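See below for the structure under consideration.
The values are calculated or read from the model by the stated rules, or taken from the named source; none is laboratory data. Quick caveat: nothing in here was measured; it's all calculated off a predicted structure. Positions of Cβ are backbone-derived with ideal geometry, glycine not excepted, and every protein chain shown enters the neighbour counts.
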Amino acid sequence: MENGLTVRQEAELQAVAPEKIEALLERFISDQDVKPQSCNAYRRTLRQYFLWVNRANLDLRDVTRKEIIQYKEALLSEGKSSLTAASYLTSVKLFYAWLEALKIYPNVAQGVRLPKRIQQFRKQPLTAGQSTELLQHFQQQARRDYAIVNLILRTGLRTIEVIRASVEDLTMKGGHRVLMVHGKGRDEKDAFVILTEKAYQPISDYLTERNGKSGEPLFTSESNNNGGGRLTTRAISFLSKEGLKAIGLNDRGYTAHSLRHTTAVSILRAGGTIEDAQGVLRHASSATTQIYLATIKEERRLERASEALIDSLY
């Protein structure tokens, strides 16, 4: 008996020999009751794990808890964020739990803690002045681009939610104009954001110019290869980044996702509560929204500059 396995389990263990790793991986993937995107993520991150095992001159059949911890440390030492490292390690933990359930290999990853996620966001939110400047910049650009950036700033939509939106998703609910949202990880458009007049009018102007009809994407591509089709998240990220650069925000911390962060922080700046921001961003837990309080506290700290009080004394 090795690694606590019986003779019968030892025979099954041959399935994790290097030449059969890919087949075992696909068997694991096929057993997962998750969305295709999650399956792709498991496949990609586990292949990275198997590569690490190979580069470390390890035999996958001899991996212990010690090696799993070493892998975690290697992920962090490579410069991966705690969030990214945690996602890689989560796939490994699921894989070994599955192996143990099938009595192929003991769960050597059990109890290995995920890297602690730092409760902050790396993308910088814009100030009210910067948001105004960005919108003024895009008012000089195509109606579509202005409508997109304006929409994200005022509703906190993710880029994936913007490209999934269709013309018929514009509707009325409880006397308010809303956009039904196919959120991240959702199967249906069962959430919504409220469109104020300032959020809706640029969309209306764009659709009138385009003669947009029900059944079409809310925002369409104008490229030669995909004209009339849905935009990609990359296209929205690119146009957002170009606009940010145009107003002098060329730091890595400013991206399309900064616009979503700006929505949350702006709600808090205007006197809204964490619950208000949580509702707009559609976070499942208020704990996720709490990170935006750090920006508000920092801004107030800089405004007050308590150190300056000392200057009146000496």
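Quick notes on this one:
- Selection of first residues in the range 28-48 that are touching a residue at least 12 places away in the same chain (Cβ under 8 Å) and more than 13 Å from residue 87 (Cβ to Cβ) and of second residues that are outside any helix (DSSP H, G or I) and of a type in the set (D, E, K, R), restricted to Cβ pairs under 9 Å at least 6 apart or on distinct chains, gives the following pairs, ordered by first then second residue: 35/187.
- Check on residue 50, at pLDDT below 90 and of a type in the set (Phe, Trp, Tyr): no
- Any hit, the range 60-71, residues being closer than 30 Å to residue 255 by Cβ, in contact with a Leu (Cβ under 8 Å, 6 or more places away or on another chain) and charged (D, E, K, R): no
- The range 267-278, residues that are assigned to a helix (DSSP H, G or I), under 19 Å from residue 150 (Cα atoms) and of a type outside the set (Lys, Arg): 267, 268, 277
- The range 42-90, subset assigned to a loop (DSSP other than H, G, I, E, B) and not polar (S, T, N, Q), residue nearest to the chain's Cα centre (by Cα): 80
Each row is one residue, and each column tells you yes or no for (1) acidic (Asp, Glu); (2) touching a helix residue (DSSP H, G or I) at 6+ places or on another chain (Cβ under 9 Å); (3) in the same structural domain as residue 61 (by TED's automatic domain parsing).
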{"residue": "82", "(1), (2), (3)": "no, yes, yes"}
{"residue": "94", "(1), (2), (3)": "no, yes, yes"}
{"residue": "106", "(1), (2), (3)": "no, yes, no"}
{"residue": "111", "(1), (2), (3)": "no, yes, no"}
{"residue": "136", "(1), (2), (3)": "no, no, no"}
{"residue": "144", "(1), (2), (3)": "no, yes, no"}
{"residue": "149", "(1), (2), (3)": "no, yes, no"}
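- Near pairs, Cβ below 9 angstrom, 6+ apart or cross-chain, from the range 168-195 (charged (D, E, K, R)) to any residue that is at pLDDT below 85 and surrounded by 15 or more Cβ atoms within 10 Å (Cβ to Cβ): 169/182; 169/189; 188/182; 189/182; 189/183; 190/182; 190/183
- Exclusive hit being out of contact with any Gly (no Cβ under 7 Å at 6 or more places or on another chain), outside the structural domain of residue 144 (by TED's automatic domain parsing), among the small types (Gly, Ala, Ser) and assigned to a helix (DSSP H, G or I), set 294, 235, 264: 294
- Residue check, residue 119 polar (S, T, N, Q) and modelled with pLDDT of 95 or more: no
- If you go through the range 196-219 and keep only what is under 13 Å from residue 144 (Cα atoms) and either surrounded by fewer than 13 Cβ atoms within 10 Å (Cβ to Cβ) or in contact (Cβ under 8 Å) with a residue 60 or more places away in the chain (or both), you end up with 205, 206, 208, 209, 210, 211, 219.
- The requirement of being surrounded by fewer than 15 Cβ atoms within 10 Å (Cβ to Cβ), modelled with pLDDT of 90 or more and either charged (D, E, K, R) or on the phi > 0 side of the Ramachandran plot (or both) is satisfied by residue 44.
- Against the list (1) small (Gly, Ala, Ser); (2) surrounded by 13 or more Cβ atoms within 10 Å (Cβ to Cβ); (3) over 29 Å from residue 140 (Cα atoms), the condition residue 308 fails is (2).
- The residue pairs whose first member lies in the range 100-114 and is modelled with pLDDT of 90 or more and surrounded by 16 or more Cβ atoms within 10 Å (Cβ to Cβ), whose second member is of a type in the set (Val, Ile, Thr) and in a loop (DSSP other than H, G, I, E, B), and whose beta carbons are closer than 7 Å, counting only pairs six or more residues apart or on different chains, are 108/63; 108/64.
- Residue that is modelled with the highest pLDDT, among those in the range 122-134 that are part of a loop (DSSP other than H, G, I, E, B) and buried (at least 18 other Cβ atoms within 10 Å of the Cβ): 126
- Residue in the range 165-181 that is modelled with pLDDT of 95 or more, in a helix (DSSP H, G or I), under 23 Å from residue 237 (Cβ atoms) and out of contact with any helix residue (DSSP H, G or I) (no Cβ under 8 Å at 6 or more places or on another chain) present: yes
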